[in-house]
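Asks: My questions will all concern the structure given below.
The values are calculated or read from the model by the stated rules, or taken from the named source; none is laboratory data. Everything numeric here is computed off the predicted structure, so don't read it as measured data. Methodologically, a virtual Cβ is constructed for each residue, glycine included, from the backbone with ideal geometry; neighbour enumeration extends over all protein chains shown. For accessibility, only protein heavy atoms count, side chains too; no ligands or nucleic acids. Shrake-Rupley method; radii C 1.70, N 1.55, O 1.52, S 1.80 Å.
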Amino acid sequence: ESIKTVLTSPENRILIKRMLIKCADISNPCRPKEQCIEWAGRISEEYFAQTDEEKRQGLPVVMPVFDRNTCSIPKSQISFIDYFITDMFDAWDAFADLPNLMQHLDNNFKYWKGLDERKLRSLRPPPE
């Protein structure tokens with residue numbers, strides 16, 4: 001009933017659509033772990049290439065944390081989840097009940113934390 005009340009206002013519907021688009025844009029930590037890892041790698045590589053190009057051209061480096069020689073991908077993912085994802089998706093979960101999404105988020109956060117605790121900087125642990 002409360003959702004129907006929220007959706008009766010055109011302004012609220014527009015706001016919800018904008019929020020959903022933003023959530024979809026940054027939702028990688030809410031995907032199944034293997035997809036999350038794959039896309040974290042792709043995104044990191046895009047940022048590494050940008051940093052490489054800025055250095056090559058002598059431009060200011062916009063994201064110095066994405067220097068491929070020093071970056072910890074697990075730390076970058078943990079920070080991203082802490083700063084942007086957790087509160088946003090907690091709010092969506094309260095609004096729309098998203099247990100699968102929230103479980104993926106929890107699993108992925110624990111995965112990145114585990115790598116970071118082992119002082120690993122890569123997407124995956126080394127083969128055993």
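Asks: For the range 106-128, which residues satisfy the criterion of being touching a residue at least 60 places away in the same chain (Cβ under 8 Å) and of a type in the set (Ser, Thr, Tyr)?
Replies: TYR111
Asks: Just give me the residues in the range 68-79 being without any contact (Cβ under 8 Å) to a residue 24 or more places away in the chain and not polar (S, T, N, Q), in sequence order.
Replies: Across the range 68-79, the qualifying residue is only ARG68.
Asks: Which residue, of GLN50, GLN57, GLN77, is closer than 27 Å to LYS17 by Cα and out of contact with any strand residue (DSSP E or B) (no Cβ under 6 Å at 6 or more places or on another chain)?
Replies: GLN77
Asks: Would you confirm whether or not the range 35-57 contains a residue that is in a helix (DSSP H, G or I), surrounded by fewer than 13 Cβ atoms within 10 Å (Cβ to Cβ) and of a type in the set (S, T, N, Q)?
Replies: The answer is no; no qualifying residue exists.
Asks: Separate question: Within the range 97-128, which residues are assigned to a loop (DSSP other than H, G, I, E, B), open to solvent by 90 Å² or more (accessible area, probe 1.4 Å) and modelled with pLDDT of 95 or more? Walk me through how you get there before you give the answer.
Replies: We begin by selecting, within the range 97-128, every residue assigned to a loop (DSSP other than H, G, I, E, B); these are 97-98, 118-128.
Of the ones still in play, those that are also open to solvent by 90 Å² or more (accessible area, probe 1.4 Å) are 97, 118-119, 121, 124, 127-128.
ARG118, LYS119, ARG121, ARG124, listed by residue number.
Table: residues versus (1) hydrophobic (A, V, I, L, M, F, W, C); (2) out of contact with any helix residue (DSSP H, G or I) (no Cβ under 6 Å at 6 or more places or on another chain).
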position: ASP25; (1), (2): no, yes
position: GLU38; (1), (2): no, yes
position: ILE43; (1), (2): yes, yes
position: PHE48; (1), (2): yes, no
position: GLU54; (1), (2): no, yes
position: GLN57; (1), (2): no, yes
position: PRO60; (1), (2): no, yes
position: ASP67; (1), (2): no, no
position: THR70; (1), (2): no, yes
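Asks: Right, something else. Taking the residues in the range 65-82 that are in a helix (DSSP H, G or I) and closer than 16 Å to THR51 by Cβ as candidates, determine which candidate is most open to solvent (accessible area, probe 1.4 Å).
Replies: LYS75
Asks: Tell me yes or no: at least one residue of the range 13-29 is open to solvent by less than 90 Å² (accessible area, probe 1.4 Å) and assigned to a loop (DSSP other than H, G, I, E, B).
Replies: Scanning the range 13-29 turns up at least one residue that is open to solvent by less than 90 Å² (accessible area, probe 1.4 Å) and assigned to a loop (DSSP other than H, G, I, E, B).
Asks: Which condition from (1) touching a helix residue (DSSP H, G or I) at 6+ places or on another chain (Cβ under 8 Å); (2) free of Cβ contacts under 8 Å to residues at least 60 places away in the same chain is the one that ASP82 breaks?
Replies: (1)
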